[in-house]
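Derivation of every value follows stated rules applied to the coordinates shown; laboratory data play no part. Predicted model only: the values in this text are computed from it and were never measured. Reconstructed Cβ throughout: ideal geometry from the backbone, glycine too, with neighbour counts over all protein chains shown.
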Amino acid sequence: MVFNGAVMLLILVAAFANSWQLLGYLVGLSLSLWLVIGAMRENEFGPALPLGITLFIFWGICITLIFKYWAEFRGKFPEFTIAGMHPGFFVLFPLMWLLLFIPGTLSYALLFDRWILSEETWNEFKMKVKGSGGEGNE
C-alpha cells in the first residue's frame, strides 16, 4: 500500500511535469498494484501477482506503441492505417481493450471465485458466523 501511495504521488508529479509517457507507465503500474492488492488473501499474493505483472507488461508495450506512433506521425497524416485507424488510436482502443481490460476483468472474476472467496471459504465463513451466535443464513 505504501508503494502504491508513492506511485500515486509520482503520477501527480509526472502530470505537473508534463511527462505524459511516464504518467502512462505509472498509471499502468498503479492499476496492476491495485489488482494485486485487491486479490490478496491473508497477506498472500497468490495467483494475482503473475496476472498483475502480465497486465503491466501489456500496458507498458501499448503505451510505448502509442507514444511511438504519436511521435512518428506528429503534425501529419499517418503513412498507413490499421483497420482504417491511426496506428496509435488502434493500439489505444481495440488492442488495449482486447489485451488488457477484457482479459484483466474476466481473469479477476475467475480469480475472485477461485482464490479470494471460493465456495469452501464461503462455507467456512458461514460456519464461523453460525458458531458465534449469528444467524448463518444462506
Discussion item. Students often get this wrong: which residues of segment 13-52 have the backbone nitrogen under 18 Å from the point 7 angstrom along Cα-to-C-beta of ILE116?
Written reply: 30-52
Discussion item. Suppose R0 equals 35 Å. What FRET efficiency, 1/(1 + (r/R0)^6) with r the Cβ-Cβ distance, do GLU124 and PHE3 give to the nearest 0.05?
Written reply: 0.70
Response to the item:
In debye to the nearest 20, the charge dipole size for the chain, taken about the Cα centre with +1 at each Lys and Arg Cβ and -1 at each Asp and Glu Cβ, equals 440
Worksheet entry | Rg in Å to one decimal, and Dmax rounded to a whole Å, for segment 1-41 via C-alpha atoms | 10.8, 37
Item to complete: Report the trypsin sites (Lys or Arg not before Pro) located in segment 72-138 that are in a DSSP loop and have at most 11 other Cβ atoms inside 10 Å of their Cβ, or state none.
Response: ARG74, LYS76
Worksheet item: If R0 is 41 Å, what FRET efficiency do you get for PHE93 and GLU42 from their C-beta distance, rounded to 0.05?
Response: 0.60
Discussion item. Give me the net charge for the shell around TRP20: Cβ to Cβ below 14 angstrom, other residues only, Lys and Arg +1, Asp and Glu -1.
Written reply: +2
Fill in: Selection from ASN18, THR64, LEU92, by position along the positive dipole direction of the chain (Cβ)
ASN18
Worksheet item: At what distance in nm do the modelled label points of LYS76 and THR54 sit from each other, each positioned 7 Å from its Cα along Cα→Cβ?
Response: 4.0
Worksheet item: How much mean residue ellipticity at 222 nm does the chain get from its helices, if each DSSP H run of length 4 or more adds -39500 (n - 2.57) and you divide by all residues, to the nearest 500 deg cm²/dmol?
Response: -20000 deg cm²/dmol
Worksheet item: Based on the Cβ-Cβ distance from THR64 to LEU106, what FRET efficiency comes out when R0 is 35 Å, to the nearest 0.05?
Response: 0.90
Fill in: Principal axes of the chain: Cα extent on each, largest first, Å
70, 35, 22
Worksheet item: Straight-line reach from LYS68: which lysines have a Cα under 18 Å away, not including same-chain ones fewer than 8 places off?
Response: LYS76
Discussion item. With θ taken as phi - 60° and the coefficients 6.51, -1.76 and 1.60, list the Karplus ³J(HN,Hα) couplings across segment 73-83 in order, rounded to whole Hz; mark glycine and proline as x.
Written reply: 10, 5, x, 8, 6, x, 6, 9, 10, 10, 6
